[in-house]
1. Where does helix 12-26 land angle-wise versus the long Cα axis of the chain, in degrees 0 to 90, nearest 10?
2. Of the peptides 51-64, 92-105, how do they stack up when ordered by the mean number of other Cβ atoms within 10 Å, highest first?
3. Could you give the dipole magnitude of the stretch 1-79 about its Cα centre, charging the beta-carbon of Lys and Arg +1 and that of Asp and Glu -1, in debye to the nearest 20?
4. What residues have an amide H closer than 5 Å to that of Thr73, excluding those fewer than 5 places away on the same chain, when H is modeled at 1.01 Å from N in the peptide plane?
5. Once amide H atoms are placed 1.01 Å from N in the peptide plane, what residues at a sequence separation of 5 or more from Val65, or on another chain, have their amide H within under 5 Å of its amide H?
6. Suppose a student asked you for the relative contact order of the stretch 1-79, using Cα pairs under 8 Å spaced at least 6 residues apart; what percent would you report?
7. Could you work out the Kirkwood radius for the chain, taking every pair of different alpha carbons, averaging 1/r and inverting it, reported in Å?
8. Please compute the net charge surrounding Val76, taking Lys and Arg as +1 and Asp and Glu as -1 over other residues with Cβ under 11 Å from its Cβ.
Amino acid sequence: MIIRLEADGTPPYHQIRDQLRRMIISGTLPVGTRLPAIRHLATDLDVAKNTVGRAYAELEAEGLVVGAGRRGTIVVEPNRTAGAEPPASFVGKLEELALEARHRGLAIDVVVDQLRSAFRHLESGDT
C-alpha cells in the first residue's frame, strides 16, 4: 500500500482518506485487510498521529473500515444496502450541496446526474 502526499494545499488527512477510499472501493485493499497502525503510518508519512486518526475516523464514518481495538483498523464490506440510513454527517454534507445547487440555479436532475457520474467514476477506478 503506497500513499503519497502532495504539497498542493489539500489537507493531508483528505489525501490519506481519499487514497485509502479509492483503494478500498477498487478492491486494492480487500475486505479483511488491516490498515497500518496510526502511529506507524503517521511516521511513514511524516504527519501527526491525529492526521492519520482523522482520516481513519472519516473512513469509519463512511462504513469502509471499522476500528477493532488492539487488532487495528480493518477494511469491511462497503455498506451498499439501498435502504441503509446514512450517517448524520453525510446527510449534512448533502444538505450543504443541495443548498449550493439551489443558489446556483441547478436543476435537481442535473445534480443527481452528476452524483451518478461521480459514483461511476469511483467504481471504475479512474481517479
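None of the figures in this text is laboratory data; all of them are computed from the coordinates on show. In this text the structure is predicted, and so the values were computed from the model without any measurement. Here the Cβ is made from the backbone with ideal geometry for all residues, glycine too, and neighbour counts use every protein chain on show.
1. 80 degrees
2. Values: 51-64: 19.9, 92-105: 11.0.
Final packing ranking: 51-64, 92-105.
3. Details: 10 positive and 9 negative charges, 66 e Å.
The calculated dipole for the stretch 1-79 is roughly 320 debye.
4. Correct list: Leu35, Ala68.
5. Glu60, Val76
6. Values: 89 pairs, mean separation 25.6, N = 79.
32 percent.
7. Hydrodynamic radius (Kirkwood, Cα pairs) of the chain is 16.1 Å.
8. Values: positive: none; negative: Glu60, Glu62, Glu77.
Surrounding charge for Val76 is -3.
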